[in-house]
Every structure is written in C-alpha cells, then in structure tokens.
Amino acid sequence: MSQLKVDSIVPTAGVATGQGGGIIQTITESTNAILSTTSTTSTEISSDLRATIVPKNANNIIIIRLSIGVISTTSNNVATIRILKNGTDFVEAPLDTAEGQGNGQVWTNNENMIPMSITVKELAGNTNSRYYSPFFRTNSSTVHINSYRIAPAFRTTTNITVMEVSG
C-alpha cells in the first residue's frame, strides 16, 4: 500500500516572495540537426531552440539552461555562445560585452568533440511573453554543433530549458 503525504500545495502562481522557490513552469526545446556557422558575429543557432515563456509573476526568476551535446570545429578555433532574450538582450552578460565575449566559450580543434552546458538567470521583470535562444560565433574557421566535423557517425542533441521559479 502506498501513501502520499503533503505538507502544503503551492499555488500555480508560486509561493510568496521570500518563501522559497517553487517551479511554476518549464519550457523545453531541442534539435538534433547539424548546425554550423562561419560567422564572426553572433548568429542564432536555430529557431528550433527558441523557448517562449509568459511569466506568471514579474517578481519570479527565469532560469535558462542550454545543453549542447557536441561542439567541434574544422581547425583551431574559439566558439562563443550567448543566450539572448527576444533575439537582442544578452542575458547575464559578462563584464565585457564585446562581440568575442559570451555566456560560454570553448577552444576546439579538428580533433576535439566538446559538450557544453550553460545556465543563466534573470528577474522576470514583467509578465510579457518572451523567448530565449542561444547564439554562436567563431573567431575563425567553422563551428559545428551536434556533430563532429559533420561526420554522420558522431551525432548529438542540443536542448534549451527555460524555467520560471517563484521569487
């Protein structure tokens, strides 16, 4: 025989400010497509990775987690990843926001397959709909995501998860 004991049930809008963080909603998008860029300017990785959320409360925290299965390049190269809100607003940007800076960076060469995980957060600020999406760039050469140099034998999946957590 099973028993379920519950001390409290949190309302769908979350617990009151300062009462701990309950997850209000979670949105996940993914792609297993081979994605590449030769751009030295930040470019959206894929519109398939746009995670749209409408916060329930402006005081809640939005947590964005990106998990890239594999990043590889065709030569010695730095790949930079940024998480942007609505395609323009850099989320949790580093102190220097010049084009070569990001939420995550990795140096690879044509012998490396590197997984990457990035987590950033921000205050919802309002209850307007918004989307979060990863952008990537290279300092030279070609960056590949979800594949080792476009070889069909080494494939992965990339996921973005956006969570609203009560403030």
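Laboratory data are not the source of any read-out in this text; all were calculated from the coordinates shown. Please read these numbers as outputs of a predicted model, since none were measured by experiment. For neighbour counting, all protein chains shown are included, and Cβ atoms are generated from backbone atoms with ideal geometry for every residue, glycine included.
Cα atoms only: what Rg and Dmax, in Å, come out for segment 24-165?
My reading of the Cα-based Rg and Dmax gives 15.0, 46 Å.
Across the chain, where is the longest run that never hits GluC sites (Glu not before Pro) in a DSSP loop with at most 14 other C-beta atoms within 10 Å? If you can, show how the numbers build up before the last one.
Numbers: sites that count: Glu92, Glu99, Glu111.
Between exposed loop sites, the widest span is 1-91.
How large are Rg and Dmax for segment 40-117 when calculated on the C-alpha trace, in angstrom?
Rg, Dmax (Cα atoms, Å): 14.3, 46.
Could you give me the ³J(HN,Hα) list for segment 129-140, computed from phi with Karplus coefficients 6.51, -1.76, 1.60 and θ = phi - 60°, whole Hz, x at Gly and Pro?
For segment 129-140, the Karplus-derived couplings read 4, 8, 10, 10, 8, x, 10, 9, 8, 10, 8, 5 Hz, x marking Gly and Pro.
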